[in-house]
Amino acid sequence: MNDTKLYAPGTVIFREGDPGDCMYEMQTGCVGIYRDYGGPNEKEVAKLYGGKVFGEMGLLEHAPRSATVVVLEENTVLTKITEEEFFSFFEKNPSVILDIMQQLCNRLRRTTKDYVEACRTAYDAVEAEKSGKKDQSLTDRIRDLCRFYSDNSYYPYY
């Protein structure tokens, strides 16, 4: 495992929809995680700095990438970890497993919170319709949820 390279700012490491055939460990620098990169609804989902890994979900699931990763800083050094190197990487770096588990738990917790809020809002909307009451705060919540999910910017995974 010695596929370590220096990347220039603006370099696309992988694009949303690409095959999830490897992950990366950041040695130094910074990358941005984007949805709809370069499109009209481009949204930065996260920034990651040295010491983090990314791309693990695509590799674990053998699924297409859920976001685009772009180098943001000079002196960004990444190590590519293929499926063949995956287990030996974790044997040498067991603390990374805990970091990934924590990231996944945070994403699941955020998704669950958003789901519960969406269900609560839908329930409140049905109840308001039954009673015939107009509730501006409910209308605002519905508008915010619709905007939040329909603009393609929300995606808790990368």
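Values quoted throughout were computed directly from the atomic coordinates according to the rules given, and no laboratory measurement underlies them. Since the model is a prediction, treat every value here as computed from it, not as a measurement. Heads up, the Cβs are rebuilt from the backbone with ideal geometry, glycines too, and the neighbour counts pull from every protein chain shown.
Quick notes on this one:
- Compared with the dominant principal axis of the Cα atoms in the chain, helix 94-131 is inclined by about 10°.
- Across segment 59-65, coupling constants 3J(HN,Hα) worked out from phi with the 6.51/-1.76/1.60 Karplus curve, θ = phi - 60°, read 5, 5, 8, 6, 10, x, 4 Hz, and Gly and Pro carry x.
- Tally of Lys pairs whose C-alpha atoms are under 27 Å apart, taken over the chain, 8 or more apart or cross-chain: 18
- Look at the dipole of segment 71-153 built from charges on Cβ: of V71, V96, S131, the Cα furthest out on the positive end belongs to S131.
- Note on the chain: with a GNM built from Cα contacts shorter than 10 Å, the maximum mean-square fluctuation among D21, D135, D114 falls on D135.
- Proxy reagent accessibility, fewest Cβ within 10 Å first, across C30, C146: C146, C30
- For the chain, the longest principal axis of the C-alpha atoms and the axis of helix 136-150 are separated by about 30°.
- Length available on full extension from L138 to T4: 0.36 nm per residue minus the Cα-Cα distance, which gives 43.1 nm.
- For the chain, calculated [θ]222 nm from helices alone, where every DSSP H run of n ≥ 4 adds -39500 (n - 2.57): -14000 deg cm²/dmol
- Amide H partners (placed H, <5 Å) of V45, local residues excluded: I33, Y34, R35
- Max mean-square fluctuation residue, GNM over the chain, Cα-Cα springs under 10 Å, options Y115, Y49, Y34: Y115
- Taking the chain as a Gaussian network of alpha-carbon nodes connected by springs under 10 Å, the highest mean-square fluctuation of the residues R120, R107, R15 belongs to R120.
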